Structures are given as structure tokens and as C-alpha cells.
1. At a 10 angstrom cut-off on C-beta neighbours, averaged per residue, how do the peptides 184-193, 254-263 rank from highest to lowest?
2. Less than 21 Å apart at the alpha-carbon level, and either on another chain or at least 8 residues along: which lysines does that give for Lys265?
3. Taking 7 Å along the Cα-to-C-beta vector as the label spot, tell me the Asn53-Arg170 distance in nanometres, rounded to one decimal.
4. Hey, any idea what the orientation-averaged projected area of the convex hull of the stretch 190-305's Cα atoms comes to, in nm²?
5. For the chain, take every pair of Cα atoms, bin their distances at 20 Å starting from 0, and report each bin as a whole percent.
6. Can you tell me the FRET efficiency between Glu37 and Glu151 if r is taken as the Cβ-Cβ distance and R0 is 45 Å, rounded to the nearest 0.05?
7. Relative to a virtual label point 7 Å from the Cα of Lys189 in the Cα→beta-carbon direction, which members of the stretch 198-222 show backbone nitrogen distances below 17 Å?
8. Between Ala86 and Thr229, what's the calculated FRET efficiency when r is the beta-carbon distance and R0 is 45 Å? Round to 0.05.
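Computed from the coordinates by the stated procedures, all read-outs in this text should not be read as laboratory data. Predicted model only: the values in this text are computed from it and were never measured. Cβ: placed from backbone, ideal geometry, glycine included. Neighbour counts: every protein chain shown.
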Amino acid sequence: MKNIFQSIPTTRGIFLQMASVCLLVVFLFACNSEPKETFTTSGSKYIHHVKNNGATPQVGEEATFTVDVRNDTKVVQSSRDQGKPAKMIVPPLNPEGGSMSPIVEAIMLMSVGDSVTVYQSTDSFPQKPPGFENTPFIFYDLVLTSIKTKEEIEAERKEKQAKMVVEQAREPEVAAATAAALASYKSNKLGDALKSTPSGLKYTVLEEGTGPMAEVGKMVDVHYYGMTTDGNMFDNSFKRGEPYGVPIGRGQVIKGWDEGIPLFKEGTKAVLFIPHELGYGEAGSPPSIPSKAELVFYVEVVKVN
């Protein structure tokens, strides 16, 4: 006689079948999601922690990603600390079979949202990098955040070029505004509009922004026009047509900037008067900036990232 569960779809039978299917799905998912060590074409070992099976970056496309460089468990360098992710245009494969960076190889295997750890042997370097003398690998933890097509890259390039032309055209206007602020400063006509800090930094706000504060540690895009108090311009971002991106408060710019920029909100236009102690010191920066030079910087806080 047939087993009744082979011929009558009772509730218990349906439940047992569904339970079996669910267990099988869970088992297969667990097996497929378990990270495994594997190798790139050139032989670099990597682990694919999260794999979404989406589109991967193709030659000529732009991949945006975060990267942490580890010495075993210690992160020694991170793109997150710089405030912006890393970017690269995917290069063509070497027709002569030359070696490719293991990071590039790994990125070409990833889709958006994937995370990968790449192992690079420290023996592949002529000399082991500082901090990695006693470890066999450098570990790169990568997360792919976006992919731009060639068409999107070209459209972005054209838009950026158009913006640069507009900003370059502003240079004479900004030069005049900086010179006017300097003249008022030298003739003591700024009055209460001139603020100062305990370090000796002075500044005046020409236009108050409404965005977030340019806090210490954040990445800030700043347009600037710099001159000495004798009126000589030594550098400005308007000539290049794009603002300067800098992490504030990390010693990568002069002290006057590290102290001054965090005083302003995004959108603020101001002029900084920076004593030589907060600028280029007693030596200056010849030939443009003489010894003990007080500096005048027109600044625009374009973006706080």
C-alpha cells in the first residue's frame, strides 16, 4: 500500500516538504557565503568576504573604493582618514603578460558593495616596507562603493571643465577683493569686523556661510588667493579653476590654515591675516615669500566633506 504522504498533500506533509526545502536553502546559503581564500590571475591570494555577483568594473571605467592597509590586525593607513575614497580608472590588461597590482586585480573582480581582503607578499618588494619587516603579507581591505561608465566619466569631465572656466574668470574679481581687504587692514579701517585669536591670527568675514562648520579632522575644499602684505600674489586656486582639498588640523597646511579654516562654515568667504609664526616662519619660502612674511589669504569654504 502506498504511504499516505505520497498521495495526499496533507498539512503535515506540506509542512515537512517546506521544512526540508528551507533547510536545504539555508545549508546552500551557508556554504556559498563562507569566505574562501582564492587567487587572482597573477597568483595574489585574496578573500571575497561579501560577493553580490553584480557588474564588475571594465577597462576604462572608474572604480571608487575604500582601502585599509593592515599589518596583520593593525591598520597603518586608511583612505577613510583622508576623508575621500580612492579612485582608479581600470587599466587595460598588459598584452605582454606583465604583472598587475593585486589591488587592481581584486577591484576588477568586485561589484558594488563587495568587500575583499588582498594579500601581498612583503617579499615582492625590493625591501620590506617600514612596519612590515616581520610579517609575510601586507593586507588590503577593499570595499567597492561605485562604478562609473566611460560615458559618465566624459560627462563629468565636461561639466568640470565648464566649472573651471567660470572659476578662472573670477580671478581678477577675487584679486581686487583681496587687495581691498588688505588696504583696509593696513589702514586700520576694518574696525570691529577684524577678529583675532590668542595665537595672533586675524581674520574678517566678508560673507557668512550657512553650511556645516569646517571642523578639525574633516576634508574641506577651499578656494584661496594668497598674497604678502606688500601686495604680491604668490599662489591662488582660481588660476587653476578648482578649489584645494585639504584635511584640516592634521599639519598638512600652514598653522594659520589649520587654525583659521575651522572658524568658518561651508559657504563662508573671509580673509585671513596670518603672522609669520603661523605661516612660513622666519625662513619664509623663497623666492615668493620673504623671511618673516605676514600672509594674506582670501578663502572660500566651498565644501565640507
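1. On the way: 184-193: 11.9, 254-263: 21.3.
By packing density, highest mean first, the sequence is 254-263, 184-193.
2. Lys84, Lys195, Lys202, Lys218, Lys255, Lys303
3. Taking the simple label geometry, Asn53 and Arg170 are separated by 4.9 nm.
4. Numbers: hull surface 28.3 nm².
The Cα convex hull of the stretch 190-305, projected and averaged over all directions, gives 7.1 nm².
5. Binned Cα distances yield the sequence 24, 39, 27, 8, 3, 0.
6. Numbers: r = 37 Å, r/R0 = 0.81.
Here the calculated transfer efficiency is 0.80.
7. 204-206
8. Numbers: r = 40 Å, r/R0 = 0.89.
Plugging the Cβ-Cβ distance into 1/(1 + (r/R0)^6) gives 0.65.
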